Amino acid sequence: MSRQYGIIGWPVEHSMSPAMHNAAFEKLQLDACYDRFAVDSESLREQVSVFKGKLSGWNVTVPHKQAVIDCLDYIDPVADAAQSVNTVVNRGGVLYGYSTDGYGLQRALEVEFDIDVAGKHVLFVGAGGAVQASAVQFASAGARSVTLINRTVSKAEAVADRVRKVSPDVKVEVYPLSDYPNDMSDVDIVIQGTSVELKEGRELAFSFDGFRKDCVCMDMIYNVVTPFLQKAEQHGMRIAGGEDMLLYQGMKAFEYWTGVVAPETVMRSALK
Ligand code: ATR
């Protein structure tokens, strides 16, 4: 019988994951398919029990990455530390939760910029689920320092607390978007994780004046050079969009589900 996979979220229409995973199933001649499932917060628990009898695994996106944890049987330590699950594996009716976002971003930095996060000062703008997963992952991977800048400081503080809990030795600082230090010369890597520039015509109020020019900048938004990236590039920094993060988080999820090496080339072209 054909295996079924998918992505649950609200909204999910925009997701590129079906194209990427279906291309991989086809390439490896696996009898499987991947669909989108629009699930709102009220029906999350009920839908997860339906999927338990139907899907072999699924991805989880906004706004369920944290809420889904209570619906699962086992949480991988990385996902538990980040309190964020983006990949569920259904092993005979037992549901396992994993987080591949931080891995995806870390791998994307290696591939795009040849940069290892170990020893680096990483600045995140934003404090959503993907930022939390990545900040925790980077701290565990040996980042020297993590700075979080967000509109709502309390949300950034919550992310900072998770980072400190997992990696007490990492220096963690939090600032409001409206008032962060002018001197950012210690920062090595900038990650844009807010949803502001998802909508064309909107621009995040952010200046790169105090940053070094040999800093690198990656946006979690994909398939577009955001105003944020344009400003970073004008400042002289190397830039990259979120395509590789999407690819590598997806490849890792695929490997959790199938146990075989994900076909990078076809998955990458499916995203284009
Ligand atoms: P995800 O889970 O995908 O990472 P999310 O939880 O929807 O995303 O987070 C969206 C991010 O964009 C948050 O950091 C949010 O800031 P707040 O924590 O203050 O809400 C940020 N964001 C959204 N709209 C914004 C706006 N108009 N100005 C500044 N930041 C904004």
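Would you kindly calculate the translational diffusion coefficient of the chain, applying Stokes-Einstein with the Kirkwood radius from alpha carbon pairs, for 10 °C and a viscosity of 1.306 mPa s, and quote it in µm² s⁻¹ without decimals? Intermediate results must be reported in sequence, preceding the final value.
Working: Rh = 18.9 Å.
Using the Kirkwood radius from Cα pairs, D works out to 84 µm²/s.
About its Cα centre, the chain has a charge dipole of approximately 360 debye under the convention of +1 per Lys or Arg Cβ and -1 per Asp or Glu Cβ, with nothing else charged.
Let me know the shape class of the stretch 91-166, please: from the alpha-carbon gyration tensor, a ≥ b ≥ c as square roots of the eigenvalues, rounded when a/c is under 1.5, otherwise prolate if a/b is greater than b/c, or oblate. Taking the square roots of the gyration eigenvalues as a ≥ b ≥ c, the stretch 91-166 is oblate.
Pairs of Cα atoms nearer than 8 Å and 6+ residues apart set the relative contact order; for the chain it is 17 percent. Counting only DSSP H runs of at least 4 residues, each contributing -39500 (n - 2.57), and dividing by the residue count of the chain, the helix-based mean residue ellipticity at 222 nm comes to -10500 deg cm²/dmol. GNM, the chain, Cα, under 10 Å: largest mean-square fluctuation among L105, L148, L229? Result for the chain, Cα springs under 10 Å: L229 fluctuates most. Largest GNM mean-square fluctuation across A205, A23, A67, computed for the chain with C-alpha springs under 10 Å, falls on A205.
For the cross-link pairs K199/K272; K27/K52; K165/K231, the ones whose C-alpha atoms lie over 29 Å apart are K165/K231.
Residues considered: A38, A253, A127. Largest GNM mean-square fluctuation over the chain, using C-alpha springs under 10 Å, is found at A38.
List the trypsin sites (Lys or Arg not before Pro) within the stretch 113-168 that DSSP assigns to loop and that have no more than 11 neighbouring Cβ atoms inside 10 Å.
Numbers: sites: K120, R144, R151, K155, R162, R164, K165; in loops: K120, R144, R151.
Answer by residue number: there is no such site.
Going by accessible surface with a 1.4 Å probe and the largest first, K231, K213 read K213, K231.
As a fraction of the 1.4 Å probe accessible area of the chain, surface on carbon and sulfur atoms comes out at 48 percent.
Ordering 45-58, 129-142, 87-100 by mean Cβ neighbour count within 10 Å, with the highest value first, yields 129-142, 87-100, 45-58. Taking 0.36 nm per residue of separation and subtracting the current Cα-Cα distance, fully stretching the chain between M1 and A158 would add 52.1 nm. Residues in the chain average 45 Å² of solvent-accessible surface per residue, probe 1.4 Å, ligands and nucleic acids excluded.
Treating the beta-carbon of each Lys and Arg as +1 and of each Asp and Glu as -1, no other charges, what is the dipole magnitude of the stretch 1-90 about its Cα centre, to the nearest 20 debye?
Details: 7 positive and 11 negative charges, 40 e Å.
Dipole of the stretch 1-90, to the nearest 20 debye: 200 debye.
Considered as an equivalent ellipsoid built on the Cα gyration tensor, the stretch 102-241 has semi-axes of 21, 17, 15 Å, the largest given first. Placing unit charges on the Cβ atoms of the charged side chains and taking the dipole of the chain about its Cα centre, the candidate lying farthest along the positive direction among N182, Q47, L148 is Q47. Looking at the square roots a ≥ b ≥ c of the eigenvalues of the Cα gyration tensor of the stretch 139-188, which shape do they give, rounded for a/c under 1.5, prolate if a/b is larger than b/c, or oblate? Judged from the Cα gyration tensor, the stretch 139-188 comes out oblate (a/c at least 1.5, b/c at or above a/b).
For C33 and K272, the FRET efficiency from 1/(1 + (r/R0)^6), where r spans their Cβ atoms and R0 equals 30 Å, is about 0.90. The antiparallel fraction among DSSP beta bridges confined to the chain stands at about 20%.
The values are calculated or read from the model by the stated rules, or taken from the named source; none is laboratory data. This one's a predicted model, so the numbers in the text were calculated from it and none came from an experiment. Quick reminder, even Gly has a Cβ in these numbers, built from the backbone with ideal geometry, and neighbours come from all protein chains shown. Just so you know, the surface numbers come from the protein's heavy atoms only, side chains and all, with ligands and any DNA or RNA stripped out. Shrake-Rupley method; radii C 1.70, N 1.55, O 1.52, S 1.80 Å.
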